[in-house]
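Heads up, the thing below is written out as structure tokens.
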Amino acid sequence: MGYKKYSDTASAWEIIRQIKESKITGNTAYRELETIKGEWRGTDLVDEAEYLINTMFSEYKYK
């Protein structure tokens, strides 16, 4: 298994909490959610990250 920015689910959930509370915003939040999606495939974290991307950060998606 390779390097993960978020080494455990608790740290990834903490980033999601901070994004929901608008402590992390904009393109930074979008990039963090994309990182979580890539690192935690097959978990509820991915579902939550995708939901936030689609509802709060869709303008940052590449077309």
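The values are calculated or read from the model by the stated rules, or taken from the named source; none is laboratory data. Values in this document were obtained by computation on a predicted structure and should not be read as measured data. Every residue, glycine among them, receives a Cβ derived from its backbone with ideal geometry; neighbour counts consider all protein chains shown. Accessible surface is based on the protein model in full, side chains and every heavy atom, while ligands, DNA and RNA are left aside. Shrake-Rupley method; radii C 1.70, N 1.55, O 1.52, S 1.80 Å.
Points worth noting:
- Within segment 3-19, the set of residues being closer than 17 Å to L52 by Cβ, part of a loop (DSSP other than H, G, I, E, B) and polar (S, T, N, Q) is empty.
- Top-ranked residue of segment 51-63 - restricted to ones that are of a type in the set (S, T, Y) and surrounded by fewer than 12 Cβ atoms within 10 Å (Cβ to Cβ), ranked as farthest from A12 (Cα to Cα): Y62
- Residues of segment 15-50 satisfying the condition of being more than 17 Å from Y60 (Cβ to Cβ) and open to solvent by 70 Å² or more (accessible area, probe 1.4 Å): R17, E21, K23, R41, G42, D44, D47
- Residue in segment 22-29 that is within 16 Å of Y51 (Cβ to Cβ), at pLDDT 95 or above and assigned to a helix (DSSP H, G or I) present: yes
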